[in-house]
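Engineer: Here it is, the structure in full.
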Amino acid sequence: MALAAIAVALALVFGGSEGSNTAKVESSAVPGAPAVEIVSPRNGARQVNRAVVVKVLVENFQLAPRHFGGEPQLGEGHLRFSLKRVPDCVEPKKLEDAVNSPVGKGRLVGRSFDYARYAGPNGVLAERVGSAGSYSPATRPEIFYHALQPGFYRLVVNLAQNSGTTTQFHDVTNFQILPRPGHGPKPCADGKVPSAKAAARLNS
C-alpha cells in the first residue's frame, strides 16, 4: 500500500495523476473507441533488472507501419512511448510549486530515456524523426529499454496518427529500478528533498 501511494504521489508531481487512466476508461465506455493499456510494467512495479520490456494492449486502433509518417487515416497510426526518470533529489521550491499546482506547468520534468542508447531501434527512429528526448515512436505494441539507472520512472504511452500527431488516448505507469544492496542513492545536498520524501509530502 505504501509503495502504491508513493507511485500515485510521484505521478502527481512528475505528470499523470491518480486518474491517469481517465481518458482510457472514458473511451472504453464508448463501443468502438480506441484505447491503449500498459500491460507491463504494472503501476508500482519494482525490479532489480536494469532493462524493461514494455508491452501494451491496443484496442480499436490499427498500428500501420507502412503508413508511418504519412497522411492521417481514421483509426490507424502508431504508438509514442515516453520514459522519464524521476530526479533523486528535488529542490524545495519546485516541490512546493508542484504541490500547489498538481496539474499544468507546476509539474517537474525528469530526464528522458528516449534515445538510441536506451531505447534501441525505437530510439534510432526517434532520432530520425526528430523526437529523441521527447518520445520513441513504435509500430509494434512493445518497446525495450535498457541500461536504466536505479530510481523511479514514469512511462506514458500515447496513440498517435500516421503523421505523428498525438491523440487523447493514452495510459501511464510508474515503476522503480532498485539499486544493488549497499548501492543506494547518495544523500541529497543543498537542502534538496529525496524523491520518496517528496512523494510522501504530496500524499500527506
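The values are calculated or read from the model by the stated rules, or taken from the named source; none is laboratory data. Here the structure is a predicted model, which is why all the values come from computation and not from measurement. Don't worry about glycine lacking a Cβ; one is built from the backbone with ideal geometry, like all the others, and counts go over all protein chains shown.
Engineer: Considering only the range 145-154, how many residues are modelled with pLDDT of 95 or more and surrounded by 16 or more Cβ atoms within 10 Å (Cβ to Cβ)?
Structural biologist: Counting residues in the range 145-154 that are modelled with pLDDT of 95 or more and surrounded by 16 or more Cβ atoms within 10 Å (Cβ to Cβ) gives 2.
Engineer: Here is a list of conditions, (1) touching a Leu at 6+ places or on another chain (Cβ under 9 Å); (2) small (Gly, Ala, Ser); (3) modelled with pLDDT of 95 or more; (4) on the phi < 0 side of the Ramachandran plot, and Ala98 meets all of them except one; can you say which number that is?
Structural biologist: (3)
Engineer: Within the range 107-127, is even one residue at pLDDT below 95 and assigned to a helix (DSSP H, G or I)?
Structural biologist: Within the range 107-127 (the criterion being at pLDDT below 95 and assigned to a helix (DSSP H, G or I)), the answer is no, since none of the residues qualifies.
Engineer: While we're looking at this one, here's another question. Among the candidates Ala4, Ala45, Ala11, which residue alone is under 21 Å from Pro179 (Cβ atoms), modelled with pLDDT under 95, surrounded by 15 or more Cβ atoms within 10 Å (Cβ to Cβ) and not basic (Lys, Arg)?
Structural biologist: When all the criteria are applied, what remains is Ala45.
Engineer: Out of the range 155-190, which residues are without any contact (Cβ under 8 Å) to a residue 60 or more places away in the chain and surrounded by 12 or more Cβ atoms within 10 Å (Cβ to Cβ)? Explain how you work it out, then say what you get.
Structural biologist: Residues of the range 155-190 without any contact (Cβ under 8 Å) to a residue 60 or more places away in the chain: 179, 181-184, 187, 190.
The answer is Pro179, and nothing else.
Engineer: Which of (1) on the phi > 0 side of the Ramachandran plot; (2) crowded, with 20+ Cβ neighbours inside 10 Å; (3) at pLDDT 85 or above is the odd one out, the single condition Gly16 does not satisfy?
Structural biologist: (3)
Engineer: Looking at (1) within 17 Å of Val52 (Cα to Cα); (2) assigned to a loop (DSSP other than H, G, I, E, B); (3) touching a strand residue (DSSP E or B) at 6+ places or on another chain (Cβ under 9 Å); (4) not hydroxyl-bearing (Ser, Thr, Tyr), find the lone condition where Ala147 falls short.
Structural biologist: Single failed check for Ala147: (3).
Engineer: So how many residues does the range 164-187 have that are touching an Asp or Glu at 6+ places or on another chain (Cβ under 7 Å) and in a loop (DSSP other than H, G, I, E, B)?
Structural biologist: 1
Engineer: Condition first: among the hydrophobic types (A, V, I, L, M, F, W, C) and surrounded by 12 or more Cβ atoms within 10 Å (Cβ to Cβ). Now tell me which residues in the range 54-67 satisfy that.
Structural biologist: Applying the first criterion (among the hydrophobic types (A, V, I, L, M, F, W, C)) to the range 54-67 yields 54, 56-58, 61, 63-64.
Correct list: Val54, Val56, Val58, Phe61, Leu63, Ala64.
Engineer: Does Arg46 fit the bill of being in a strand (DSSP E or B) and under 19 Å from Asn162 (Cβ atoms)?
Structural biologist: Values: in a strand (DSSP E or B): yes; under 19 Å from Asn162 (Cβ atoms): no.
Spelling it out, it is not the case that Arg46 is in a strand (DSSP E or B) and under 19 Å from Asn162 (Cβ atoms).
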